1. Angle check, please: helix A:183-194 long axis (alpha carbons) against the longest principal axis of chain A (alpha carbons), in degrees 0 to 90, nearest 10.
2. Angle, helix B:44-56 long axis vs. longest principal axis of chain B, Cα atoms, 0 to 90°, nearest 10?
3. Using the crude model of +1 on Lys and Arg Cβ and -1 on Asp and Glu Cβ, and no other charge, please compute the dipole size for chain B relative to its Cα centre, in debye to 20.
4. Counting only protein heavy atoms and using a 1.4 Å probe, what share of the accessible area of chain A belongs to carbon plus sulfur, as a whole percent?
5. Using the heavy atoms of the protein chains and a 1.4 angstrom probe, tell me the accessible area per residue for the protein assembly as shown in square angstrom.
6. Normalised by the number of residues in chain B, what is the relative contact order in percent for Cα pairs under 8 Å and 6+ residues apart?
7. Normalized C-alpha radius of gyration of the stretch B:104-188, against 2.2 N^0.38 Å?
8. Which three lengths, in whole Å and largest first, does chain A cover when its Cα atoms are put on their principal axes?
Amino acid sequence: MGGNNSDTMSLNLKVWRQKNNKDKGSMIDYKLDGVSPDMSFLEMMDTLNNKLIKEQGDSIAFDHDCREGICGMCSMMINGQAHGPEAETTTCQLHMRKFKDGDTIVVEPWRAKAFPVLKDLMVDRGAFDNIMAAGGFVNVNTGNPQDANSILIGQENAELAMDAAACIGCGACVASCKNASAMLFVSAKISQLALLPQGEVESLARTQAMVAKMDELGFGNCTNEAECEAQCPKGIKIENIARMNREWFKGALTSRK
Amino acid sequence: MSSKGSCSLHSSIGKKQVMGVSGLLLCGFLLTHMLGNFTMFIGADAFNKYSHTLTSNPLIYLAEAGLAALFLCHIFMAIKLILENKAARPVSYHMRETSGRGSTFASSTMPYTGSIALIFLIIHILGLKFGTQYTIIINGVEMRDIYKTTIEYFRDSLHVLGYIVAVVSLGIHVSHGFWSAFQSLGFNHPKYIGKIQLLSKLFGIVVAVGFSSFPIFCYLQGGK
Ligand code: SF4
Ligand code: FES
């Protein structure tokens, strides 16, 4: 972290504070000086927390883990956009140089019925795990693995599956969707498996099961706004949602259950 | 992995596919309605004869019932979706911005443009279909002079303005709805999605401009 004092910024932060799941919560104003443009957004939050601990002994709770854009934990709504204004960037990869001295920055948790706030900016994204448990896997028999080269996979499908697999389960799609729909996440998981021979076998039943679970958990309905695609830090395309719609329709027509 | 045998229409995807199919069929209706109305530019007789041919066919009741069912289905589903989507985010954001890379004016105003179109639809049916009844005899056949009713109706500049506001809303509505239906039904491929989206915008413009031309034409006629 370089720079001298003259490079640092003073910020006005409005942060959502909520003691626990039962608390009503509110936006609280903070002033933070000495923010280096080289800091990541999370480092800025750390600096604020250090200050708060010194002054009041209480810090703002937020999720984070890898801090390198791969774990999907750092969920924050920054100035009304999931992970802030930069395209294909997680909060931990967002740098303070994207902001100006004197800026007011509004920081809120993901808002969705299916993602209840646990404390401050931390939400429970267990709903995603429940959707995965409903079918986001491939059933395999135990025993010796067969020779990997015996299953042919077309290059194009391998690429598309890999693109879908880039989803880090961060929930920005739900947070940024005006309907709090989880379709981008679910479609990425469904596509990743449906495009490969190992996963394709169970694709129709998987899609039915995962979509049913998604609905049951209280996510909203997609209206094809594509705001999820725009705010997804991994650039997951709504083409995946179209694939899920096809798989679902095929399943609805042919399922014997 | 087990799928419960619940009705597909309760599924979020089933619902959006119902919206898509009913919406596309309604787009078809819009187009034929507009093409039919163009007969008004040929003349009063052409318009009256077109209207008579349409309404004197006994199958019209079946077609009207089908159309009403489509509308009701589209509207009922829309209300259900709006309510469910509201419930999916019980606490709203203090601040919410769109990225400018995803949602558009048309996509984010669907409930509003749809509602304006619906209110207009009711006024439109009351004012024209159930409007003043005149009769006229063309080639010895007595028929309704719907041309006269229409011209009279649009003598009122408020009616003209209301109609234009409504069809522009409708144009905006279908400019998102048309391509959106394809996406819901699973048609999205880089090969053609750009063309469908372009067609969708063009269709929106055709609906807004095409339908606006009728009240303007009538208003200009009515002055005579
Ligand atoms: S689709 Fe994108 S926004 Fe949604 S969970 Fe996956 S990575 Fe996050
Ligand atoms: S902390 Fe892991 S993606 Fe941001």
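The values are calculated or read from the model by the stated rules, or taken from the named source; none is laboratory data. Since the structure is predicted, the reported quantities are computational estimates derived from the model, not experimental observations. Backbone-built Cβ (ideal geometry, glycine too); neighbour counts: all protein chains shown. Surface accessibility is based on the protein's heavy atoms, side chains included, excluding ligands, DNA and RNA. Shrake-Rupley method; radii C 1.70, N 1.55, O 1.52, S 1.80 Å.
1. Approximately 40 degrees, to the nearest ten.
2. In chain B, helix B:44-56 runs at an angle near 60 degrees to the longest axis.
3. Values: 17 positive and 8 negative charges, 164 e Å.
In total the dipole reaches around 780 debye.
4. Details: 5660 of 11530 Å².
Exposed carbon and sulfur together represent 49 percent of the surface.
5. Values: 23680 Å² over 481 residues.
Value for the protein assembly as shown: 49 Å² per residue.
6. Values: 190 pairs, mean separation 60.3, N = 224.
It rounds to 27 percent for chain B.
7. On the way: Rg = 17.6 Å, N = 85, 2.2 N^0.38 = 11.9 Å.
That works out to 1.48 for the stretch B:104-188.
8. 63, 40, 37
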